[in-house]
Each structure stands twice: as C-alpha cells, then as structure tokens.
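So the structure is just underneath, and the comments pick up after that.
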Amino acid sequence: RVIVSMSEEVAYGEINALFIRQIIGLLVISLLAVSLAWFWAKRLILAPIESLTSASRELSEGNLNARMGLNSPVGEMAQLAKSFDGMADSLEERYRKIEQQDRELLRTNRALQTLSAGNHTLLRAIDEQKLLEEMCHTAVD
C-alpha cells in the first residue's frame, strides 16, 4: 500500500483557477449580452415610445405640427409612427378647414349685419336725402 499526500491547493489549485476564469468569462459575456440587449431595446422600443409620448404631449398642447417622424421602415413602431403622423395630419387639416369656415362665417355675419342695418334705415327713413345719408353711414360702419 502506498499513501500519497498532497495539499488541497496543489490538488485543486488548477481546477479552482480554471473555474474562476470560466466564471469571469461568463460574467463578461453576460455583461456584454445585457449591454447589447439594453442598447437594442432602447433603440427599437424605448426611443420610439419616448418620441410618441413627446409628440402626443405636444399635440395635446395645441402644436398641430407635432409628428413622430420615425425613419424606421418596418415593424410595429413604424406602423404606429405612421398612424400617429397620419392622425396629426388629419387634425391639422381639419383645424385649417375650421379656421377657414370661421373666417367665412365672420364675413357672412358682417354682410348680414350690414344688410340688417340697411333694412332698419329703410324703415326709419323720412325722406330721400335722409335715407341716403343714413345708408352711407350704415355702409361705412
């Protein structure tokens, strides 16, 4: 029978060093993987959501020029951006039409007020000279 004695450091030292190198390697690879995942998540998900949030806030505050303006040609975020920008275009066009109709309504209202004042002048006129003076006064006002 032969008994060989060896310290634990000698017996397991190389295996422990290999184990520590593998753990460090796994940590480095894991850190790289998490960093890449964070970068792509930020680029593909977080940035478009922040852009949508910002554009929505601006639009709700009355800025009808607010757009997402994503340049991504594909994916759900691109569809969302296109849909949002289309909605903003539609709102801007409707607002422009409402403003135009409002201006037309104001012009029509002024014309009707002038006609009404002219009718009142016709009803109150005593003679032709007074009628002409009152009509001129009504037209100028």
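The values are calculated or read from the model by the stated rules, or taken from the named source; none is laboratory data. These numbers come from a predicted model, not from an experiment. Backbone-built Cβ (ideal geometry, glycine too); neighbour counts: all protein chains shown. Ligands, DNA and RNA are stripped out before the accessible areas are found, and what is left, the full protein with its side chains, is counted by its heavy atoms. Shrake-Rupley method; radii C 1.70, N 1.55, O 1.52, S 1.80 Å.
Inclusion of ARG21 among residues that are loosely packed, with under 12 Cβ neighbours inside 10 Å and at pLDDT below 95 is not warranted.
Do the conditions hold for ASN16, that is, is it out of contact with any helix residue (DSSP H, G or I) (no Cβ under 7 Å at 6 or more places or on another chain), at pLDDT below 95, of a type outside the set (Val, Ile, Thr) and outside any helix (DSSP H, G or I)? Taking the combined requirement at face value, the residue does not satisfy it.
Kindly establish whether GLU92 is in contact with a Leu (Cβ under 8 Å, 6 or more places away or on another chain) and among the charged types (D, E, K, R). Taking the combined requirement at face value, the residue satisfies it.
For segment 95-129, how many residues meet the condition of being among the β-branched types (Val, Ile, Thr) and either open to solvent by less than 80 Å² (accessible area, probe 1.4 Å) or in contact with a Leu (Cβ under 8 Å, 6 or more places away or on another chain) (or both)?
3
The condition (being under 21 Å from ALA88 (Cβ atoms), hydroxyl-bearing (Ser, Thr, Tyr), loosely packed, with under 10 Cβ neighbours inside 10 Å and under 30 Å from the mean Cα position of the chain (by Cα)) is satisfied by just one residue among SER60, SER54: SER60. Elements of the type helices (runs of 4 or more DSSP H) sitting completely within segment 34-141 and holding at least 3 residues that are of a type in the set (Val, Ile, Thr) and touching a residue at least 12 places away in the same chain (Cβ under 8 Å): there are none.
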